[in-house]
Amino acid sequence: RIDNFKVAGGLMEGKFKSESPFDDSDVSKVIEGAAYALSADEDPELEAYVDSVISYMKAAQEEDGYLYTYRTIMGNDSHPWIGSKKTHILSHELYNLGHMFEAGVAYYQATHKRELLDVCIKAADLLCKDFGWEALQTFPGHQEVEIGLVKLYRVTGEKKYLDLAKFFLDARGKCNLPGDAYNQSHKPVIEQDEAVGHSVRALYMYTAMADVAALTGDMSYIEASKKLWEDIAKTKLYITGGVGAAGGHEGFGGKYELPNLTAYCETCAAIANVFWNERLFLLEGDAKYIDVLERALYNNVLSGVSVSGDRFFYPNPLESNYGANRSAWFGCACCPPNISRMILQVPGYMYAYSKNRL
């Protein structure tokens with residue numbers, strides 16, 4: 001995956017070297033995890049290694065700010081998900097950038113080094129130019145960039161990043177594009193009251209909705225978030241805190257559809273559930289959100305990694321007839337690096353404070 005940045009940046013010859021067009025995101029998640037590790041303890045060797053990886057990412061960025069190694073290396077129309085334009089919604093361009101924005105902010109906060117943050121700003125400025133109600137009206141195929149844009153806004157103070165995050169949310173169900181419950185574009189986000197479709201996509205979107213609600217005070221977002229939480233917490237949450245009962249679409253089933261043997265309960269979905277419930281707790285201060293966060297963190301997130309730290313579950317069934325075993329890696333490897341950044345965020349969940357409350 002790191003070599004893909006080298007190839008895209010002209011530092012190495014070859015074609016795209018990994019399996020999925022969204023593999024850039026895995027590198028960003030590892031950098032984000034490393035940033036949290038460096039926040040806790042100095043590690044010059046780790047920091048130097050991360051700096052070298054960031055230099056490859058910088059080299060891969062095109063002049064206009066575009067950064068997506070698959071298209072840069074392989075060209076337009078090179079994959080079923082990749083069209084002839086750089087704004088094709090299904091190709092995970094925006095998903096990859098969201099994870100990079102999160103990594104860039106975390107690494108800047110940990111080290112005060114701006115190199116990756118500046119790459120992020122250049123990429124985000126391009127998004128602000130290309131997307132919006134007065135530009136291309138569309139939304140990401142896989143939510144995540146909204147979370148990254150909010151974090152970028154908070155560290156830079158550039159309101160256009162917050163505005164773009166809200167645009168990507170508000171565009172769902174409103175653009176002249178076919179809506180799909182799979183990626184939660186079947187109706188406007190503020191009208192959604194049942195968790196449907198791909199669970200990681202959904203929970204990243206709900207997390208961004210809580211972020212935008214907190215920063216803008218938009219009550220319609222808050223009310224929608226409360227309804228979605230009630231649906232999940234009361235009808236779609238496993239005893240382990242896992243979510244997403246169905247493996248076919250990696251997502252939510254119907255109400256009370258919680259089978260043990262075929263439970264999907266993707267590790268990434270549990271992580272996203274933690275993110276969302278932390279945001280809701282910070283928004284309202286209600287301990288019920290921490291109850292769900294802890295249930296997911298101590299069970300479904302933790303089951304996703306071995307005690308040795310080098311074996312992983314992608315789905316987490318509650319029951320197995322054939323001896324389910326953790327794997328060292330996956331072709332679609334979203335879960336292992338997500339674990340690395342999640343575990344290293346746990347210290348940040350120990351307490352929260354406002355002006356007069358701890």
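Summary table
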{"quantity": "Scan of region 111-129 for residues that are within 22 Å of the chain's Cα centre (by Cα) and not in a helix (DSSP H, G or I), ordered by number", "calculated": "114"}
{"quantity": "Failed criterion for residue 39 (all others in (1) more than 25 Å from residue 344 (Cβ to Cβ); (2) part of a helix (DSSP H, G or I) hold)", "calculated": "(1)"}
{"quantity": "Residue pairs meeting the criteria (Cβ under 6 Å; at least 6 apart or on separate chains; first hydroxyl-bearing (Ser, Thr, Tyr), in region 1-29; second open to solvent by 10 Å² or more (accessible area, probe 1.4 Å))", "calculated": "18/1; 20/332"}
{"quantity": "Failed criterion for residue 106 (all others in (1) small (Gly, Ala, Ser); (2) in a helix (DSSP H, G or I); (3) open to solvent by 70 Å² or more (accessible area, probe 1.4 Å) hold)", "calculated": "(3)"}
{"quantity": "Residue 87 vs. criteria open to solvent by 10 Å² or more (accessible area, probe 1.4 Å), in a helix (DSSP H, G or I) and among the polar types (S, T, N, Q)", "calculated": "no"}
{"quantity": "Elements of type helices (runs of 4 or more DSSP H) in region 239-358, at least 1 residues being under 16 Å from the mean Cα position of the chain (by Cα)", "calculated": "267-284, 335-343"}
{"quantity": "Hits in region 42-73 (condition: over 20 Å from residue 14 (Cα atoms), in contact (Cβ under 8 Å) with a residue 12 or more places away in the chain, surrounded by fewer than 19 Cβ atoms within 10 Å (Cβ to Cβ) and among the aliphatic types (A, V, I, L, M))", "calculated": "46"}
{"quantity": "Among the candidates 149, 164, 136, 116, residue that is over 18 Å from residue 32 (Cα atoms) and modelled with pLDDT of 95 or more", "calculated": "164"}
{"quantity": "The listed residue being open to solvent by less than 60 Å² (accessible area, probe 1.4 Å), closer than 21 Å to residue 146 by Cα and polar (S, T, N, Q), out of 300, 316, 338", "calculated": "338"}
{"quantity": "Residue under evaluation residue 291, criteria (1) free of Cβ contacts under 8 Å to residues at least 40 places away in the same chain; (2) surrounded by fewer than 13 Cβ atoms within 10 Å (Cβ to Cβ); (3) not polar (S, T, N, Q), criterion not met", "calculated": "(2)"}
{"quantity": "Enumeration of residues in region 303-319 that are under 17 Å from residue 200 (Cα atoms) and free of Cβ contacts under 8 Å to residues at least 40 places away in the same chain", "calculated": "304"}
{"quantity": "Residues being buried (at least 21 other Cβ atoms within 10 Å of the Cβ) and farther than 22 Å from residue 202 by Cβ - total across region 137-161", "calculated": "3"}
{"quantity": "Members of region 127-171 found to be under 19 Å from residue 191 (Cβ atoms) and free of Cβ contacts under 8 Å to residues at least 24 places away in the same chain, listed by number", "calculated": "170"}
{"quantity": "Pairs with Cβ under 6 Å, 6+ apart, first in region 114-126 and under 15 Å from residue 52 (Cα atoms) and open to solvent by 10 Å² or more (accessible area, probe 1.4 Å), second of a type in the set (A, V, I, L, M) and in a helix (DSSP H, G or I)", "calculated": "115/54"}
{"quantity": "Some residue of region 26-40 being modelled with pLDDT under 95 and not hydroxyl-bearing (Ser, Thr, Tyr)", "calculated": "yes"}
{"quantity": "For residue 226: the one exception among (1) in a helix (DSSP H, G or I); (2) open to solvent by less than 10 Å² (accessible area, probe 1.4 Å); (3) under 19 Å from residue 274 (Cβ atoms)", "calculated": "(2)"}
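The values are calculated or read from the model by the stated rules, or taken from the named source; none is laboratory data. Not measured: the values here are computed from a predicted model. Using ideal geometry, Cβ is built from the backbone for each residue, glycine included, and neighbour counts are taken over all protein chains shown. Surface areas here come from the heavy atoms of the whole protein model, side chains and all, with no ligands, DNA or RNA. Shrake-Rupley method; radii C 1.70, N 1.55, O 1.52, S 1.80 Å.
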